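The structure appears right after this line, and notes come after that.
The values are calculated or read from the model by the stated rules, or taken from the named source; none is laboratory data. Worth saying up front: this structure is predicted, and the values here are computed from it rather than measured. Cβ placement follows ideal geometry from the backbone for every residue including glycine, while neighbour counts extend to all protein chains displayed. For the accessible areas, the whole protein counts, side chains as well, though only heavy atoms, and no ligand, DNA or RNA atoms are used. Shrake-Rupley method; radii C 1.70, N 1.55, O 1.52, S 1.80 Å.
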Amino acid sequence: MKKKSPLQSAPARRSLGERGFFNLRVLVGLFIALAGVFLALLVLGFYPAKSGFAQALLSATDSPEEEDPGERAAWERLRLQDEHGRIPPNALINAYEQKKAISFHPEAWGEFLPGGATTQGIQPEIAGISLAIWRSIGPGNVGGRIRSIIIHPTIPNTIWVGSLGGGVWKTTNGGTSWSTTTDFMANLVVACMAMAVDPTKPDNYVLYAGTGESVAGLQGDGVFKTSDGGSTWTQLASTANNRNFRWVNRLAISPTDRRTLLAATETGIFQSIDGGDSWFPRLTRDYVRDVRFHPSDGTKCVAGDAKGHAYYSIDGGVTWPQATWVNVSPTPAGRVELAYAKSDPEIVYAQAYIQSSGDGKLFRSTDGGKTYALKNGSYARFPERGGRWYNALWVDPTNANTLVVGAFNLWRSTNGGTNLEQISDRNRHPLTPYHDSVHCDHHVIVNHPDYNGTSNTVVYFGNDGGIYRTDNVLTVAQRSGWVPLNHDLGITQFYGAAGNPTSGTIIGGTQDNGTVRYRTQGGSNGWTMMQGADGGFCAADQTDPNYFYGEYTKLKIYRSTDGGCTARDIYSGIGDAGNANFTAPFVLDPNNPNTLLAGGASLWRSTNVKNPEPSWTAIKSPASTNISAIAVAKGDSNIIWVGHDNGQIYYTTNGTAANPTWTPAANGLPRRFCTRITIDPQNSNLVYATFGGFEPGNVWKTTGYTAPWENISSRLPSAPVFSLVVSPSNSRALYIGTAVGIFASADGGATWSPGNDGPANAFVEELFWMGPQLVAATHGRGMFIAGSPLSSRANYR
C-alpha cells in the first residue's frame, strides 16, 4: 500500500481530561500505571491479542491511499519477461523441471555442512542445505494474502487456507496454530480451493487447490488434490503444463455429484465430470474470475468475469448464456463477484467494479442470476482500480437479506443491500492496543459449518493480512469483534530485507503488511511493525543497531532511529519519489553509514541521512528507464554501479564527487530487467550482475571495468535471479536467490548446485548475511536462516 504521512502514522490520542468524572489525582495515577504497562509491552515487543496468544499488532497496515494493483502487476511482469516483453508458456513449470535435472554438489554448500565441503560420513538425507539446516523465523503472526478458505463440514476446527506463494496451510485447532506440507508442491500460488465430500461419509473427502493469481501475474500450474487431509498432494495430470490452467481463479463442485467440477480460468470455464481426470471447455471467454454452483441444485450455476459480464447455466455448466443488467447505466465493465443466498437460491447477489468511475456497485437477482438490478451504488470506491484485486461477497445462509460485501473495507446489510454499514476500518493505526479491526483488501468470506444465525454466527475472512474471525457477524463493528488467526502462519510476501548482526534484528519490506521487524527475543511469532502500508527494499546500519531504513512504494524512504520500533519519512527532496519503480532500490554506503543512495529515474544521494531532515542530490541523470539495482564497493565509496530496467549498466569511479562521471558497461549483457549488482567485498574489480526473465543467462560477472562480461549461468534453470551474495569467508562461494529457490557455487559460478530440499519452492527475493548466517527472504513463505557452520552431526538430528 502507499505511504502514511507522519501525521497519519501518529497514534490517535484522546485526552482523559475531557471526561468530567476524573480528578487530577486519578489522572496522574492512571497515567503512571498505563505508562508502565505500555513500556513493559514495548520492551517485550508485543501486545496480547484477543485470540489468546501473544501477537504483534500488524494487521492495520493500509493508508487511506491505496496502491494500484495494476502498477504492482506491471512491475512484477517487468522482472519476469524477456527483452521482447514475453513470458514463455509454462515458464515456471519448465524452470522447475530444469532444476530437478541439476545434480546436487555438496561442496557448493560446504560452509553449512558438518565437516565442511565433504559429505563423508554424512547421511544422504541430510547432505546439503536441507530443512534440518534452514530454520524458519516466520513471521508467524503477520499473515499474507489469502484467497481461499475451506472448513471441514463436521470438524469445524479443521481449516485449510490457500496462500499466494506460500501453498496450502492447515489448522486442527481453529487457528491457534498452523502447519503446511506443501513447501515442495510444484506450485505454491494457491488462488482457490474446493472440497468434495461424501454426504454419507463426511470423512471421505477430496480437497482441490487451483493455482495461479492472474491479477498479480503469478503463474500457476493447474490443479492439485489431496485425499488424506493435505498430508500428500498430487497434481491433476489433465491440468499440468496446460495453458488453460495457468491461472485457476475459482473452483466449484456440484452439490449433487461430487465428481463434477467447474473451473474458472483466464481462458474460460471448464467442466470435469470425472473428478478432474479430464476437462471440457464450456465457455470460451477470457478472464473468468468466479464460478459457483447453486447450493442444492447441480444443474444451476452462475459465473462472472473481469469485463463486467455475468453468466448463468441451467444445464450443470455445459452452456452459459450471458446475464442482463436491468436498467443499469453505465453497465459494469470490471470484475464481477457473485454469491447465492442459500435460504432462497433464486436470489443471487453480484458486486461489480465500475472501471470508469472506480465505484463498487451491488446488484441483486431474483431469478437465479439471469437478470440483475442495482441495489446500491454509493457504498464504496475502489481506490486506484483495486476492484480487480479485492472483491468478495457473503450471504447469510439463514437470511437472504443479510450479507457482507468485501472490497478494500467490509460493509454489512440487513435489508438486501439497500443500506450498507461499514464494519471494518482501514485507517486504524497499526499500534492500536489489541486487534480492534481487520486487515483490508478482502478476497474470501466463509461462514462456520454450524452457522444458524442465532447461537452460531461465526464467519471467517481471508485478505491481504491473512485470516480473521468474528464470532458474531451480525454485530461486529469497525473497532470491535475481530480476532486474528495468523499464529504460525508463515505466508508473508517479502520484497526486501536487511539485518544488523550485532543486535540480531532483521527488518523486511512486505506486500501490504508494512516493513516488519524480527528480534530473537520475540521469536517467529513475535514480529512487530516498523511502518505500515506496502514495504520494499530495506537497509540496516552495520555500525549502529538503532538505524534501519525501509520504503513505501516508488522510493518513499523512511528511517528508524530506535532499532526498528518506529519510523518516519525522510524522502522529502528526492525528486523521483513517486516516479520510480513500484519497488525501487536504495542502499547504504558500506563505508559510510551517513550516505544513502536511492534509485528512481535518477540516482539520488544523501550524505547526511541521519540528520532530522536529510538533504538529497541527484548524482546521475535519468536514462531511458528507471534504476533497478545499485551497488557501492566495500572499501571505496567512489566505486558505484547501477543497473536499469532495460538491462543497461553504468559505473563510476568518482562517486563521491559532486557530479560523478558515469560510463556504460553493459556490452554483451541481456537487455532484460537488471535485478541486482553485487561487488565482491574483497575485490572491487569483481562485479556480478543478475537479471530477470525466464531465459537462460541471468548471472554474469566481470573482472574489471573494461573487461568483458562472462556468462556464469551454466546449467542454471531459465528463471529470474533476484539476488546474489558472496560468502564473507570465501569469495569463490556464491549464492543466488531465484524464482525456483536457492543455488550455490563453490567455484565462482563455474558450476552451480541446487539447495537440495530447502527452504521452499518460493520466489527468493533477497539473500543477505548476518555474520556466518545466510538469511533468505521469500515472496510468500516468510524468512529462513541457514545457521552458522555446524560442527557435529547431532545438529541435524
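Observations on the structure shown:
- For segment 527-546, filtering for residues that are part of a strand (DSSP E or B) and closer than 16 Å to Gln493 by Cβ leaves 1.
- Matching residues, segment 477-526, being in a loop (DSSP other than H, G, I, E, B) and under 12 Å from the mean Cα position of the chain (by Cα): Gly490, Ile491, Thr492, Gln511, Asp512, Asn513, Gly514
- The residues listed here are Gly360, Gly308, Gly368; of these, the one that is open to solvent by less than 40 Å² (accessible area, probe 1.4 Å) and closer than 19 Å to Ala400 by Cβ is Gly368.
- Among the residues of segment 758-787, the ones that are crowded, with 19+ Cβ neighbours inside 10 Å and outside any strand (DSSP E or B) come to 8 in all.
- Positions within segment 206-240 being surrounded by fewer than 16 Cβ atoms within 10 Å (Cβ to Cβ) and either at pLDDT below 90 or among the hydrophobic types (A, V, I, L, M, F, W, C) (or both), in sequence order: Ala237
- The test for being out of contact with any Asp or Glu (no Cβ under 8 Å at 6 or more places or on another chain), within 17 Å of Ala95 (Cα to Cα) and not aromatic (Phe, Trp, Tyr) does not hold for Ala707.
- Against the list (1) open to solvent by less than 10 Å² (accessible area, probe 1.4 Å); (2) over 30 Å from Ser179 (Cβ atoms); (3) not aliphatic (A, V, I, L, M), the condition Asp562 fails is (1).
The rows are residues; the columns are (1) surrounded by 23 or more Cβ atoms within 10 Å (Cβ to Cβ); (2) in contact with a Gly (Cβ under 6 Å, 6 or more places away or on another chain); (3) touching a residue at least 12 places away in the same chain (Cβ under 8 Å); (4) among the β-branched types (Val, Ile, Thr).
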| position | (1), (2), (3), (4) |
| --- | --- |
| Gly504 | no, no, yes, no |
| Thr520 | no, yes, yes, yes |
| Asn525 | no, yes, yes, no |
| Thr528 | yes, yes, yes, yes |
| Ser572 | no, no, yes, no |
| Asp589 | no, no, yes, no |
| Ala598 | yes, no, yes, no |
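- As for segment 201-217, it holds at least one residue that is touching a Lys or Arg at 6+ places or on another chain (Cβ under 8 Å), under 28 Å from His779 (Cα atoms) and either in a loop (DSSP other than H, G, I, E, B) or free of Cβ contacts under 8 Å to residues at least 12 places away in the same chain (or both).
- Which numbered condition Gly144 misses (of (1) touching a strand residue (DSSP E or B) at 6+ places or on another chain (Cβ under 9 Å); (2) assigned to a strand (DSSP E or B)): (2)
- Some residue of segment 718-738 being open to solvent by 10 Å² or more (accessible area, probe 1.4 Å), in a loop (DSSP other than H, G, I, E, B) and among the charged types (D, E, K, R): no
- Residue match in segment 477-486 (condition: open to solvent by 10 Å² or more (accessible area, probe 1.4 Å) and in contact with a Gly (Cβ under 7 Å, 6 or more places away or on another chain)): no
- Val446 falls short on exactly one of the conditions (1) of a type in the set (A, V, I, L, M); (2) within 30 Å of Gly70 (Cβ to Cβ); (3) open to solvent by less than 10 Å² (accessible area, probe 1.4 Å), and that condition is (3).
- Of all residues in segment 362-379, those that are small (Gly, Ala, Ser) have Cβ atoms under 7 Å from Cβ atoms of residues that are in a strand (DSSP E or B) and open to solvent by 40 Å² or more (accessible area, probe 1.4 Å), 6 or more apart or on another chain, in Ser365/Thr371; Gly368/Tyr312; Gly369/Tyr312; Ala373/Val326; Ala373/Arg364.
- Residue match in segment 570-587 (condition: of a type in the set (D, E, K, R), outside any loop (DSSP other than H, G, I, E, B) and either farther than 27 Å from Trp527 by Cβ or more than 23 Å from the chain's Cα centre (by Cα) (or both)): no
- Given (1) over 20 Å from Ile93 (Cβ atoms); (2) touching a strand residue (DSSP E or B) at 6+ places or on another chain (Cβ under 9 Å); (3) in a strand (DSSP E or B); (4) in contact (Cβ under 8 Å) with a residue 12 or more places away in the chain, number of the condition Cys192 does not satisfy: (1)
- Looking across segment 660-675 at every residue that is surrounded by 18 or more Cβ atoms within 10 Å (Cβ to Cβ) and farther than 18 Å from Thr595 by Cβ, the one that is nearest to the chain's Cα centre (by Cα) is identified as Thr675.
- Within the option set Ala707, Ala657, Ala689, Ala629, being touching a Cys at 6+ places or on another chain (Cβ under 8 Å), aliphatic (A, V, I, L, M) and surrounded by fewer than 23 Cβ atoms within 10 Å (Cβ to Cβ) holds for one residue only, Ala629.
- Exclusive hit being touching a strand residue (DSSP E or B) at 6+ places or on another chain (Cβ under 9 Å), at pLDDT below 95 and open to solvent by less than 30 Å² (accessible area, probe 1.4 Å), set Gly741, Gly697, Gly749: Gly741
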